[in-house]
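The values are calculated or read from the model by the stated rules, or taken from the named source; none is laboratory data. What you are looking at is a predicted structure, and each value in this text was computed from that prediction instead of being measured. As a convention, Cβ positions derive from the backbone with ideal geometry for all residues, glycine included, and neighbour counts pool all protein chains shown. For the accessible areas, the whole protein counts, side chains as well, though only heavy atoms, and no ligand, DNA or RNA atoms are used. Shrake-Rupley method; radii C 1.70, N 1.55, O 1.52, S 1.80 Å.
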Amino acid sequence: MDPKNRTVLAAVMDEQSLATLEAVPNDRLHAFIADAVTLCQPASVKVCCDSADDRAYVRRQAVANAEEQALAIDGHTVHFDGFTSNRDHDQGRDKGATKYLLHEGVSLGPDVGATERSAGLAEVRGFLAGAMAGKEMYVRFFCLGPTGSVFAIPCVQCTDSAYVAHSEDLLYRGGYEDLKRRGTDGAFFRFLHSAGRLGDRGASAEVANRRIYIDVDEDLVYSVNTQYGGNTIGLKKLALRLAIRKADREGWLAEHMFVMGVRGPAGRVTYFTGAFPSACGKTSTAMLPGELIVGDDIAYLRAVDGQARAVNVESGIFGIIRDVNPDDDPVIYRLLTTPGEVIFSNVLIADDRPYWLGMGEAIPDAGTNYAGPWHKGMTDSDGAEITPSHKNARYTVEIERLENADPNLHTPEGVLLRGVVYGGRDSDTWVPVKQAFDWAHGIITMGASLESETTAATLGAEGVRTFNLMSNLDFLAIGHGKYIRNNLDFAAKLDAAPAVFAVNYFLKEGGNPAGAYLNGMQDKHVWIKWAERRVHGDVDVIEGPTGLLPRHEDLAPLFKELLGKAYTEADYVKQFTIRVPENLAKLDRIEAVYRGVDDTPEIVFERLAAQRTRLEALRAAKGDYVSPLDL
Ligand code: SPV
Ligand code: MN
C-alpha cells in the first residue's frame, strides 16, 4: 500500500481492518478509501469482508446506534427515514437532487438531470466534508450479478450508515473474495455515502442539502444528507446508472426489470423479465405464488452464443410493503411474519409489531411511525393526513428465504430469457395483456412508449401520467435514442428474440382515473400464464391494431384454474376493448417526446406511424371503441 494512504488509514482503523484492506492488492481501492477518510473525517473505519462475523457486526451496529430497532419477532428490525411533512421528507427517491456530473456542453437528453462536473463535485464534496465526524465508516465489498460470472461487477461502498450497510448485506452477494482474486486489475464501481448530520430520531437532518451525484468519468457515486434506500444503497439505483453506461460500451443491457420463471404444462419453466415503473406491480408479479422468483428489480441481459441470458443483479428485495396480505401477496406475507432477518422501513410500530397499509388486519390507533409518535387522524403542518405506514414503506429480505426462490438465482450463466413484459399504471389506454408483433414492435410501441401515473416511490405529486422509457428513465445515463437502439440491436445478436408483451393491471371503469379497477389484484397471474403459453405457441391470438390479443376461450380456463373464478365474456369484452381515441392520444404524446430527442432511430417513427395507420383504419371501419370479438 502506498505509504501516504497507509498513514491516513492506520489512524482510523484497527489492524484487522487494515489487513483486510491490504489483502486486496489494488491501489485505486486504497486511494478511494483514503480519500473518503480524509474528506468525511470518520472517527473510525471498519473494513468488512464477506464473513458472518463482519455481517453480524454491521447488524449489531445498526441497532446499537439506533438506526434500527429490534422488533418482537426474532431477526426483525425497523428503520425510519426522515419526515417533516408530506411535502418535506426523505421517504422516496429524490429525482431532482440526483444528477450526472458532466463536462461543459455534454447532455444526456431531456428528463436526465445533470450539472457541470467540477462545480457539482465541489458542491457534493463540500457537503461530505467532515460529514462523518464522530461516526464510524463502514467499508463493504459486494458483487453485482452472480460472482464468478461474465455479468459480475465488483463494487465498494463506504457509508456511515450501518442501516445502509446492513441492507446491502441482505440485498447483494458478498464481493470481498472476488475483488481480492481480481487483484490489481479490473474496474469496479465505487459509492460514498453519508447520512450527514442526524436529528433527534437518528434521521438525516439536512434533507434540503440532499445530493446524489454520479461521476460517470470515475464510476463513482456520491450521496449525502439522505438515508432512503433508493438514494443511498449504492448497488441499487446508483449502480444501475453506471451499469447502463458500461452496458452501452460493452454491448449488453442493464434494465429496471424483474426476472422470473413461469411454470407451464408438464414441468416446463419459461423465464421472463419485466419492466414496470416503481410501485406498479413489479415485485408482486415476480413473486406470484407457485412461480419462481429470480429477482424483482434490476436485471442484466447479455447475448451469449445466440441466446438471451438474464441475471438478477441483486440477491435480495427492497419491496414496497403496502397491500401485502395473505390474499394478495401470500408468499411475502408469510416471510414477513416469521422469524429471520427482515428490515422494515417507515411502517407503524405498536408493541414492537409492524403494521402497514392494506395488511388485512386492523391497524392500532396509536404507535410510532416515520413521523414519530403517531395516532389515528394525525395530520402534518399542512393539515394533510399522516398515514400509519408510509405509502412507500419497505421491507428488505434475502430472496433465498422465499419459498418460491428459483434454484437458478446464483447460476453464473443466468437464465434463458424467452419473454419480456412491459407494464405501467394506466387507467384508460392499454388492454390488460397483449403481445407485440415482433421484437422491434414491442421495444418501440410498448417499452419505449411506456407511460405511468406517478407513485409515492419518488418524491413529488402522485397520479400524474408520465413518460417512462422502459421504466428505466429515472436511471438513464445515455441518450434516449442510443438506449432504444441498443435494445433494438440486442435481438440481432440472438438466434431467436424473446417474445414481447405489454400488461396493464390498472385499467379503470370507463377509463376514469377515479373509477374502479376493471381487474382484481390476482388477475395478473392469468396474464403472465397466458404469456408463457404464447411463448410456446400453445394458444392462438386475435390480431388487433396495437398487438396480438388473447382469446376469451384461452383466458377463462386460466381464471378458473388459478383463481377459481368464472371469467365471463362480458368482463373480457370490457377489459379488452380497443380504446382507439386513447391509443391515438398516446401516440401523439409519444411521438412528441421522440421529436424532442436528437438521436431517435428512424424506425421508432416508422413503427409508431404504422400503429397510427392501423388504429385509424379500425376507427374508420368500426368506430372508437371496438370489442375484441369484432376484430
Ligand atoms: C424503485 O423505486 O424503483 C425501487 C426502490 O425499486 S428504490 O429504487 O430503491 O427507491
Ligand atoms: Mn425499482
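Taking the Cα centre as origin and putting +1 on Lys and Arg beta-carbons and -1 on Asp and Glu beta-carbons, what dipole magnitude results for the chain, to the nearest 20 debye? With only Lys, Arg, Asp and Glu charged at Cβ, the dipole is about 640 debye. Label zone of Arg268 (point 7 Å out along Cα→Cβ, amide N under 17 Å): in segment 556-592 this covers 557-558.
In terms of its alpha-carbon gyration tensor, the chain comes out prolate; a/c meets the 1.5 threshold, and the first ratio a/b outweighs b/c. Whole-Hz Karplus values for segment 403-415 come out as 5, 10, 5, 6, x, 8, 3, 10, 4, x, 7, x, 10 Hz, taken residue by residue from phi with 6.51 cos²θ - 1.76 cosθ + 1.60 and θ = phi - 60°; glycine and proline positions read x.
Could you tell me whether segment 318-397 comes out rounded, prolate or oblate from its Cα gyration tensor? Rule is a ≥ b ≥ c as square roots of the eigenvalues, rounded for a/c under 1.5, then prolate if a/b exceeds b/c, otherwise oblate.
Values: a/c = 1.92, a/b = 1.82, b/c = 1.05.
Here segment 318-397 falls in the prolate category.
Take the Cα coordinates of segment 359-511, assign each an equal point scatterer, and use the Debye formula without solvent to give log10 I(q)/I(0) at q = 0.11, 0.14 Å⁻¹. The calculated log intensity ratios at q = 0.11, 0.14 Å⁻¹ are -0.68, -0.98.
When Phe437, Phe188 are compared by accessible area of protein heavy atoms, the largest-first order is Phe437, Phe188, using a 1.4 Å probe.
Remark: accessible surface ordering of Met446, Met1, Met521, Met378 (largest first) is Met521, Met1, Met378, Met446, probe radius 1.4 Å. Taking only protein heavy atoms and a 1.4 Å probe, the accessible area of segment 99-244 is 47% carbon and sulfur. By definition, a body whose alpha carbon gyration tensor gives a ≥ b ≥ c is oblate when a/c is 1.5 or more and a/b is not larger than b/c, and segment 84-125 fits this oblate description. Annotation for segment 443-484: GluC sites (Glu not before Pro) lying in DSSP loop with at most 15 further Cβ atoms inside 10 Å of their Cβ are Glu462. Membrane-span-like helices of the chain, defined as complete DSSP H segments with a Cα extent of 24 Å or more along the helix axis and a mean Kyte hydropathy of at least -0.5, are identified as 602-622.
Packing around the peptides 603-613, 26-36, taken as the average count of other Cβ atoms within 10 Å per residue, puts them in this order, highest first: 26-36, 603-613.
Between the listed residues Ala275, Gln157, Asn487, the Cα displaced farthest toward the positive end of the dipole of the chain, a dipole computed from Cβ unit charges relative to the Cα centre, is found at Asn487. Loop-resident GluC sites (Glu not before Pro) (DSSP state other than H, G, I, E or B) in segment 51-116 with no more than 12 further Cβ atoms inside 10 Å of their Cβ: Glu104.
Charge dipole of segment 318-397 (Cα centre as origin; +1 on each Lys and Arg Cβ, -1 on each Asp and Glu Cβ, all else neutral): 160 debye, rounded to the nearest 20.
Counting heavy atoms of the protein chains alone, Arg302 has an accessible area of about 40 Å² for a 1.4 Å probe. Take every Cα pair under 8 Å whose residues are at least 6 apart in sequence, average their separation, divide by the length of the chain, and the relative contact order is 13 percent.
Under a 1.4 Å probe, what is the accessible area of segment 548-606 per residue, stated in Å²?
Per residue, segment 548-606 has 46 Å² of solvent-accessible surface.
Only helical DSSP H runs with n ≥ 4 go in: add -39500 (n - 2.57) per run for the chain, normalise by residue count and round the 222 nm mean residue ellipticity to 500 deg cm²/dmol. Calculated at 222 nm, the ellipticity per residue is -8500 deg cm²/dmol. Accessible surface of Thr379, taken over heavy atoms with a 1.4 Å probe and every protein chain present, rounds to 70 Å². On segment 318-397, 48 percent of the accessible area sits on carbon and sulfur atoms, based on a 1.4 Å probe. When the chain is described by a simple charge dipole with +1 on each Lys and Arg Cβ and -1 on each Asp and Glu Cβ, the residue from Met359, Ile603, Gly148 located farthest towards its positive end is Ile603.
In this structure segment 318-397 gives 39 Å² per residue of accessible area when probed at 1.4 Å with all protein chains present.
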